Amino acid sequence: MDPEEGSTAVDNIVTQFNTYEDFLDSQITTVDLYYLEDESLARQLVELGYRGTGEVVKREDFEARKAAIEIARLAERTQKKTLTSAGKDLQDNFLKALAVREDDNRNGKVSSVIFIRDRNSHGQEVSGYIDYAHRLKIEDFEVYFNGKRRLLPRPTDMSFYNWDNHIAVCNSTPNYQVIADNPEGLLFKYKRDRKILNVDPKAQPGDNSTRTPIQTQLYIQAVIFDHISRRKT
């Protein structure tokens, strides 16, 4: 049998029966029980491939595939639970844009860099670039999607600038290396495929990258850069 067909057959059996014993019992006929007069012996003969009416599946293959399917199911359920934007009544375009990108940033399909310019709680004008995927991993975005707090750049983000006291900070993240000494302006190198993201509004953002200005009521200015990695994983 073709390996792929064999794998499909095992998957069908695993999803059909809760336990390996249930599968063995399905292969035992009333004639088998009549002559053997022992259910345990009948199961053993099916397991060894001497008796049975269908596919021969080893116990270890059944249990391994059963465990793998369960792990995949739990992972999918966990992933759905971690989407903090799910079910929220989002009114502003900025929050809607974050929600659309949340799943892809969590699973690594897309890496988004968020530029925000606005005033902080002290009335100071600040701006900066945020590694969205990284922020999603280190904090709960529930407060942002619920509207209880506004997402603002911090001194710990990829780039932060306070226009009032002229404090400027740059930090590399698990996803991006900051290139701050470039004469043409700030650049970010995506670590997975080493592609350069250029955030200069007068320049092209770079290979496999897009720049999307967001019309929002929450900030003075908001822009989202999306990068799709072409590197095979």
I'd like to check something: does the stretch 200-211 contain any residue that is touching a Gly at 6+ places or on another chain (Cβ under 9 Å) and open to solvent by less than 90 Å² (accessible area, probe 1.4 Å)?
yes
Conditions: (1) farther than 19 Å from GLN215 by Cα; (2) at pLDDT below 95. ASP89 meets all but one. Number of the miss?
(1)
Within the stretch 152-175, can you find the residues that are open to solvent by 80 Å² or more (accessible area, probe 1.4 Å) and in contact with a helix residue (DSSP H, G or I) (Cβ under 8 Å, 6 or more places away or on another chain)?
PRO174
Matching residues in the stretch 138-151 - criterion: being touching a residue at least 12 places away in the same chain (Cβ under 8 Å), open to solvent by 80 Å² or more (accessible area, probe 1.4 Å) and in contact with a helix residue (DSSP H, G or I) (Cβ under 9 Å, 6 or more places away or on another chain)
ARG150
Just to be sure I understand the filter: pairs with C-beta atoms under 9 Å, separated by 6 or more residues or on different chains, first member in the stretch 164-185 and closer than 19 Å to ASN105 by Cβ, second member open to solvent by less than 40 Å² (accessible area, probe 1.4 Å) and of a type in the set (S, T, N, Q). Which pairs pass?
ASN171/SER159; ASN175/SER111; TYR176/SER111; VAL178/SER159
Could you check, for the stretch 200-213, whether at least one of its residues is part of a strand (DSSP E or B) and touching a Pro at 6+ places or on another chain (Cβ under 9 Å)?
yes
Any residue at all in the stretch 185-192 that is open to solvent by less than 30 Å² (accessible area, probe 1.4 Å), at pLDDT 95 or above, touching a strand residue (DSSP E or B) at 6+ places or on another chain (Cβ under 8 Å) and of a type in the set (A, V, I, L, M, F, W, C)?
yes
Among the residues of the stretch 122-135, is there at least one that is out of contact with any Lys or Arg (no Cβ under 7 Å at 6 or more places or on another chain), open to solvent by 60 Å² or more (accessible area, probe 1.4 Å) and either not hydroxyl-bearing (Ser, Thr, Tyr) or not in a strand (DSSP E or B) (or both)?
yes
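Among the residues of the stretch 144-165, is there at least one that is outside any loop (DSSP other than H, G, I, E, B), closer than 15 Å to LEU98 by Cβ and within 23 Å of the chain's Cα centre (by Cα)?
Checked the stretch 144-165: at least one residue is outside any loop (DSSP other than H, G, I, E, B), closer than 15 Å to LEU98 by Cβ and within 23 Å of the chain's Cα centre (by Cα).
The values are calculated or read from the model by the stated rules, or taken from the named source; none is laboratory data. This one's a predicted model, so the numbers in the text were calculated from it and none came from an experiment. Every residue, glycine among them, receives a Cβ derived from its backbone with ideal geometry; neighbour counts consider all protein chains shown. Heavy atoms of the whole protein, side chains included, go into the accessibility calculation; ligands, DNA and RNA do not. Shrake-Rupley method; radii C 1.70, N 1.55, O 1.52, S 1.80 Å.
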